[in-house]
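The structure appears right after this line, and notes come after that.
The values are calculated or read from the model by the stated rules, or taken from the named source; none is laboratory data. Remember, predicted model here, so these are calculated numbers, not experimental data. FYI the Cβ positions are ideal-geometry reconstructions off the backbone, even for glycines, and counts take in every protein chain you see. Please note that ligands, DNA and RNA were not included when accessible areas were found on the heavy atoms of the full protein model with its side chains. Shrake-Rupley method; radii C 1.70, N 1.55, O 1.52, S 1.80 Å.
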Amino acid sequence: QVYLVETGGGLVQAGGSLRLSCAASGSRDSIFAMGWYRQAPGKERELVATISTGGITNYADFVKGRFTISRDNAKNTGSLQMNSLKPEDTAVYYCHALVTGTWWWGQGTQVTVSS
C-alpha cells in the first residue's frame with residue numbers, strides 16, 4: 001500500500017502563490033510519474049499538469065505559464081508551484097502518482113483563491 005499526502009493548500013488572494021507538495025510513503029520506490037488534478041464544487045475532476053518518467057511536463061491550457069510541476073526522486077516527493085492564482089483556480093487539488101507500477105491518489109488539499 002502506498003500513501004500519498006498532499007500539503008500546501010490554503011487561502012490566498014488573487015495574484016498570489018502557493019506550492020503544493022505530494023509525499024509518497026509505504027514504498028521504497030520513487031515516484032516515477034505524477035499528475036495533479038483538481039475538482040471544483042459541482043464540476044468534474046480535471047487534469048492540471050503531468051510529469052512523465054522521463055521528466056517531460058505537460059500542462060492544461062488554463063495553467064500554462066503560471067503553474068510548474070516538478071519531482072524530487074531523492075525525497076520521493078512531487079510539487080506543483082502555482083503562481084498568479086485566480087479565483088477560478090479554487091478547487092481541491094489531488095496528487096496522482098505512479099509508484100511501484102500502480103497509480104495512486106492522494107486525499108486532496110483545498111486551494112481557495114479570493115478575489
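The residue list 78, 54 contains one member that is modelled with pLDDT under 95 and part of a loop (DSSP other than H, G, I, E, B), which is 54. Criterion applied to 23, 33, 14 was being in contact with a helix residue (DSSP H, G or I) (Cβ under 7 Å, 6 or more places away or on another chain) and under 18 Å from residue 68 (Cα atoms), and the one residue passing it is 14.
There is at least one residue in the range 59-76 that is open to solvent by less than 60 Å² (accessible area, probe 1.4 Å), on the phi > 0 side of the Ramachandran plot, in contact with an Asp or Glu (Cβ under 9 Å, 6 or more places away or on another chain) and not acidic (Asp, Glu). Look through the range 87-103, keep the residues that are open to solvent by 10 Å² or more (accessible area, probe 1.4 Å), touching a strand residue (DSSP E or B) at 6+ places or on another chain (Cβ under 6 Å) and at pLDDT 95 or above, and return whichever of them is farthest from residue 44 (Cα to Cα). Of everything passing the filter in the range 87-103, 87 is farthest from residue 44 (Cα to Cα). Any residue at all in the range 1-16 that is buried (at least 16 other Cβ atoms within 10 Å of the Cβ), of a type in the set (Val, Ile, Thr) and assigned to a loop (DSSP other than H, G, I, E, B)? Looking through the range 1-16, at least one residue is buried (at least 16 other Cβ atoms within 10 Å of the Cβ), of a type in the set (Val, Ile, Thr) and assigned to a loop (DSSP other than H, G, I, E, B).
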